[in-house]
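The values are calculated or read from the model by the stated rules, or taken from the named source; none is laboratory data. This one's a predicted model, so the numbers in the text were calculated from it and none came from an experiment. When we count neighbours, we look across all protein chains shown, and the Cβ atoms used for this are built from the backbone with ideal geometry, even at glycine. Remember, those area values only see protein heavy atoms, side chains included, never the ligands or the DNA or RNA. Shrake-Rupley method; radii C 1.70, N 1.55, O 1.52, S 1.80 Å.
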Amino acid sequence: MFGMMKNSLFGNTEETEYKLLSSEIKDGVSFEVRRYDGAKYAVVSSEGRTFDQVTGELVRKLLMYIGGSNEQAVAMGTASPIIVTVYPRNDGVLSRRLVVAIRIPTSYQQEPPTPSDTAITMEERPGMTVYALRQFGGFAAESEYRAEALRLTRTLGETAPFQRKQYFCCSYDPPLKPYGRRNEVWFLQEEP
């Protein structure tokens, strides 16, 4: 636990790089279209509990892993954002299935330390293009992410080529940061 706190407060934070394809404002709502390269991620998932009930626990597992709670006892520094994949129902309410991921920092991409928590797996994720809603602050919970996802859906319209069965709730800050927080909603663009 101390390793996670030390890593979050004093470790280097490596923000995932992307290529900005466009920056747009539509109906007063700003969003970007970004391209992210493929990479390895540490992933943990849950079924049966709500977003607000379980995200803190799952994020803590990943932060402990990159903070040194792994077989090699290596503190890797912090990567951001933490990405929570959610699966909305037709009425917009999130299902009780979540996948939380954090990108393995660049210097460990080739050989990530082995997780000591068996709930954590390594996943090679392909490159992706996303629609990213401008950032919003606070300690975002399900209701804030849902509201921002609805704004982005309305802004993009019915014809925009994005996946509607899932979206990403992203947080860029360590849990102990009290203010000036950065959160985003990403929609995965469907590839032609």
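Data for the structure
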{"item": "Filtered GluC sites (Glu not before Pro), region 112-192: DSSP coil and at most 13 other beta carbons within 10 Å", "result": "E158, E190"}
{"item": "Partner lysines for K61 [C-alpha distance under 23 Å; skip if fewer than 8 residues away on the same chain]", "result": "K6, K40, K177"}
{"item": "Surface share of carbon and sulfur [accessible, 1.4 angstrom probe, percent] for region 27-178", "result": "48"}
{"item": "With all protein chains modelled, accessible area of T55 [1.4 Å, Å²]", "result": "20"}
{"item": "Most mobile of R125, R146, R34 in a GNM of the chain (Cα contacts under 10 Å)", "result": "R125"}
{"item": "Residue-normalised accessible area of region 87-130, expressed per residue, 1.4 Å probe, Å²", "result": "56"}
{"item": "Share of Cα-Cα pairs in the chain lying beyond 28 Å, as whole percent", "result": "23"}
{"item": "Dipole magnitude of region 48-192, debye to nearest 20 (Cβ charges: Lys/Arg +1, Asp/Glu -1, about Cα centre)", "result": "400"}
{"item": "DSSP beta bridge pairing in the chain, given as percent antiparallel to the nearest 5", "result": "95"}
{"item": "Listed residue (T85, L150, V59) projecting farthest to the positive dipole end of region 53-192, Cβ model", "result": "L150"}
